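Every read-out reported here was derived from the displayed coordinates using simple, explicitly stated rules and does not represent laboratory data. Quick caveat: nothing in here was measured; it's all calculated off a predicted structure. Cβ placement follows ideal geometry from the backbone for every residue including glycine, while neighbour counts extend to all protein chains displayed.
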Amino acid sequence: MRKAVADSGSKGTVDGMAVNVGNKDARAQFLDMIKSKHGRIDVLVPNAAVSTHFGDQLGISEKAYDKLWDLNVKSTFFLIKECKEMMTASGEGGNICVVSSVTA
């Protein structure tokens, strides 16, 4: 992530952390790290997607569909919800760019 900033010629800094957004405890650890280091979130890019079935979409099992929905939609929603307080802490709000799979 720092290399991307360096390569762009930007004078800014960037921090990042790989987070399993499907895991509530991992999301909490991520938010604790952000809060302790920065106190707020200006930009959030949840980039999570999983494809649990290939082929005819009507052939998907319920278990595979639940995993797809839980990661691609539900966990991203809750991450955004859990970030709301830190995104509005400055009074200026923040920006969110959701990246996911086409099935989400």
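In cubic angstrom, how much convex hull volume per residue do the alpha carbon atoms of the range 9-90 span?
115 Å³
Explain nothing, just compute: Karplus ³J(HN,Hα) = 6.51 cos²θ - 1.76 cosθ + 1.60, θ = phi - 60°, for every residue of the range 85-98 in order, whole Hz, x for Gly and Pro.
4, 6, 7, 9, 4, 7, x, 9, x, x, 10, 10, 10, 8
Along the Cα→Cβ direction, 7 angstrom out, place labels at residue 23 and residue 95. What is the inter-label distance in nm?
Between residue 23 and residue 95, the simple spin-label model gives 3.0 nm.
Give the long-range amide H neighbours of residue 44: residues separated by 5 or more places, or on another chain, with amide H under 5 Å away, using H modelled in the peptide plane at 1.01 Å from N.
Amide H to amide H, under 5 Å and 5 or more residues apart or across chains, residue 44 pairs with 95, 96, 97.
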